[in-house]
Amino acid sequence: MAKTPSKLKAEGDTARKAPKFPPAAEFETSFAEAQGEGGETHQTTEGGAPTLTTAQGAPVADDQNSLKQGARGPTLLEDFHFREKIFHFDHERIPERVVHARGYGAHGFFELTDSLADITRADIFQRVGERTPAFVRFSTVAGSKGSADLARDVRGFAVKLYTQEGNWDIVGNNIPVFFIQDAIKFPDLIHAAKPEPDRAFPQAQTAHDNFWDFIGLTPESMHMVMWIMSDRTIPRSFRTMEGFGVHTFRLLDAEGRSTFVKFHWKPKAGLQSVVWNEAVKINGADPDFHRRDLWDAINTGNFPEWELGVQLFDEEFADSFDFDVLDATKIIPEEILPVRIVGRLVLDRVVDNFFAETEQVAFCTQNVPPGIDFSNDPLLAGRNFSYLDTQLKRLGSPNFTHIPINAPKCPVANFQQDGHMAMRNPVGRANYEPNSWGAEIGGPREDPVRGFKSFAAEPDGPKLRIRAESFADHYSQARQFFLSQTPIEQKHIGDALVFELSKVERVDIRARMVSHLLNIDAVLAQTVADGLALDLPEPAVAARPAIQDLPTSDALSIVKNGPPSLEGRKLGILLTDGSDAGLFAALTAALDAQNAVFEVVAPKVGGVTLSDGTALAAKHKIDGGPSVFFDAVAVLPSAEGAALLAIDKPAKDFVSDAFAHCKFIGIGAASAPLFDKAGLTEDLDEGCLPLGSEKDIDAFLAACAQVRHWPRELAVDLDATPDA
Ligand code: HDE
């Protein structure tokens, strides 16, 4: 019996990766119709694999050699299979996104847990328990498609919800504010952030003159600067990031009444980031760290999950709030306006094909179903033009909505037709309306009741190129953000600023940034000036002086919102031949019980023979599995193994990096020589716990649940400020 593509699919993961012919169903029908039963002889080879064909469907006899006149050539132009193959290859790339080029996507669903039916007519918010298919793409902003995952950068958090009344795209970021207030500055911002145009470097980094020059001349970016210099821009995983819609949107009920709304995605796994030195090393050891993490998590059933939260408010609140709700450089602190949880987003399926889905997915901020509407945020207005325009450039046709990943999963009916690659065209005679062809063949008609209606906003004032006075405060929330951080997080902000500005060649650009910091926090400004060996400049002239005493907000700290448990987090276990089999079994059982993950690192990837003679395969050879891959490590060699590791540089790096990155370390009974040779013995602290026998496991895992042992960094880091 021939194997059709769908049968291949049914055979599990290996088969899933076999070539498919999407859309499979259409292929099967048309093939079966065209070929009947006899088609099988063409469809499969003797070995049962599908027959290789040209794009026109002609079976190919030889895919190894081009057609030649004689064994030694010349090659003949007549070889249509060869020409078609090369022609297609030449056109494999589509333009990468101008921003957010590097990204990774997955499928899942949104489930409503709390109805918003009294506030919005949006279909997705009506019925508790109902699931809406979703596709999410995470990304970095500045780097090109092949750049490393742990660049210090904002992360895109774009969600496509295939609702029953049309696709709704919440094209957000992992930071709730933005650099600029008006979309007209976006090309300048991005030009400044990208590699400098003459030299084409640095790649995926803001640590260069052009970026900080533009930022220093753009005071409205100061709140965002605090966020990007915090550890928010080096997340541990996509799973441990928040997402934000950023702008104020509107929810509309059936009568057209409006409620303002801000959207939040809150990760079930809690917030977690890495440290900068770790990020740098991860980029070398595994540039795909974030995508691999998402792929592995989903494929092992550890489905990433976020809650959808909304901040709802009316005109009265907007008028009374300290800042303009249309200004995308401002947040509304959760302590002032609580986030109401209304649903959950679960990612439970990886893509079948990266290009077809993740690369071709086309998010548009303008994609909103009835019941959701825009505010007058001038950044949002610019985006509503940009995204549609960008899709035409990237995907090459207005028919990009016909591509499966972009196609709505609800009925689509209109008179749009033709164009490049049209897959769906009106049938019959009527391709216009109004028409006289009647309900049956006359085609779709508008629906004044169900159809999308905009909020009937009143225009406000004369036509001007102007920035509202209410957008003029650039420092207050920057200060509030900084003061809401724990000391270690404040220290990281200072370190990041010193690092970035140290890569800036022009001293005046460095000094200008410090002049802004003086309007945010005097200690931060002094720390950064000291770090740059710079005399303190005059404070920048502020359009509005910073409000000094805005209440701090715990919601702004990563450390205060860390993981609730060990679930989904990863322990690296360093083993050698002769490692204690009982201890390993008990430790891994305890990890399993907490839904934590572990990977074995050993001198050779073939693995080790444990003390009871069991052969255990390793996930990583030691220099391919550095400790930066893990949330915490357990070092459990045998005595002979420890003596060998003690003379191995990667093994010493494994423990000294884990120590430097403030990780919890479980120390096996025989591992002393390794710590000794790594120069750590005298420094070992409460974050380094004995793991000599099974009775130590509970205490070790309880410590690991605290994420990092931060006091260690303050103690050993040369940059640490004396009073931090
Ligand atoms: Fe984007 N942005 N953006 N952006 N953005 C794009 O659209 C743009 C902004 C965001 O995974 C582009 O399809 C303008 C804010 C994400 O495919 C482009 C402005 C926020 C993604 C574009 C902004 C974002 C993009 C490039 C200033 C957070 C990736 C490729 C007004 C709320 C989506 C594309 C994906 C991508 C324009 C500002 C998020 C060029 C003009 C603010 C997550 O159209």
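The values are calculated or read from the model by the stated rules, or taken from the named source; none is laboratory data. No experiment lies behind these values; they were computed from the predicted model shown. Glycine also receives a Cβ, built like all others from the backbone with ideal geometry; neighbour counts cover every protein chain displayed. Quick note on the areas: whole protein, heavy atoms, side chains included, nothing else; ligands and nucleic acids left out. Shrake-Rupley method; radii C 1.70, N 1.55, O 1.52, S 1.80 Å.
Could you work out the relative contact order of the chain, using alpha carbon pairs under 8 angstrom and six or more residues apart, expressed as a whole percent?
Answer for the chain is 11 percent.
With every protein chain kept in the model, how would you rank THR576, THR51 by accessible area, 1.4 Å probe, largest at the top?
THR51, THR576
With a 10 Å radius around each residue's Cβ, average the other Cβ atoms per peptide and rank 581-594, 414-427, highest first.
581-594, 414-427
Which ³J(HN,Hα) values in Hz, rounded to whole numbers, follow from the phi angles of segment 102-107 under the Karplus curve 6.51 cos²θ - 1.76 cosθ + 1.60, where θ = phi - 60° and Gly and Pro get x?
With coefficients 6.51, -1.76 and 1.60, one gets 8, x, 8, x, 7, 9 Hz.
Accessible area of VAL280, 1.4 Å probe, to the nearest 10 Å²?
That residue has around 80 Å² of solvent-accessible surface.
Counting only the heavy atoms of the protein chains, how much of SER611 is accessible to a 1.4 Å probe, in Å² to the nearest 10?
Ignoring ligands and nucleic acids, SER611 comes out at about 70 Å².
Take the residue pairs LYS194/LYS268; LYS185/LYS491; LYS266/LYS491; LYS649/LYS695; LYS281/LYS570; LYS266/LYS570 and return only those whose Cα atoms are more than 28 Å apart.
Exceeds cut-off: LYS194/LYS268; LYS185/LYS491; LYS649/LYS695.
Run down the lysines and flag those whose C-alpha is under 23 Å from the C-alpha of LYS453, throwing out any fewer than 8 positions away in its chain.
In chain and number order, the partners are LYS160, LYS262, LYS409.
From the square roots a ≥ b ≥ c of the eigenvalues of the alpha-carbon gyration tensor of the chain, which class results: rounded (a/c under 1.5), prolate (a/b over b/c), or oblate?
Note, shape of the chain comes out oblate.
Tell me the mean residue ellipticity at 222 nm calculated for the chain from its helices only (DSSP H runs of n ≥ 4, each -39500 (n - 2.57), averaged over every residue, nearest 500).
Per the formula, -8000 deg cm²/dmol.
Any idea how far the Cα center of segment 222-260 sits from the one of segment 68-107, in Å?
Taking the Cα centre of each part, segment 222-260 and segment 68-107 sit 40 Å apart.
Taking the Cα centre of each part, how many Å lie between segment 366-380 and segment 199-215?
32
Taking a 1.4 Å probe, which of LEU150, LEU644 shows the most accessible area, and what order do the others take after it?
LEU644, LEU150
Using a 1.4 Å probe and ignoring any ligands, DNA or RNA, find the accessible area of SER230 and quote it in Å² to the nearest 10.
Estimated to the nearest 10 Å², SER230 gives 0 Å².
Nearest-5 percent of antiparallel DSSP beta bridges in the chain?
The answer is about 80 percent antiparallel.
Heavy atoms only, 1.4 Å probe, whole protein assembly: order TRP212, TRP710 by accessible area, highest first.
Sorted by accessible area, descending: TRP710, TRP212.
Is there a quick way to get the dipole size of the chain? I mean about its Cα centre, with the Cβ of Lys and Arg at +1 and of Asp and Glu at -1; what is the value in debye to the nearest 20?
1500
Can you tell which of PRO219, PRO202, ILE180 lies farthest toward the positive end of the dipole of segment 179-222, using +1 and -1 charges on the Cβ of basic and acidic side chains (Lys, Arg; Asp, Glu)?
The listed residue farthest towards the positive side: PRO202.
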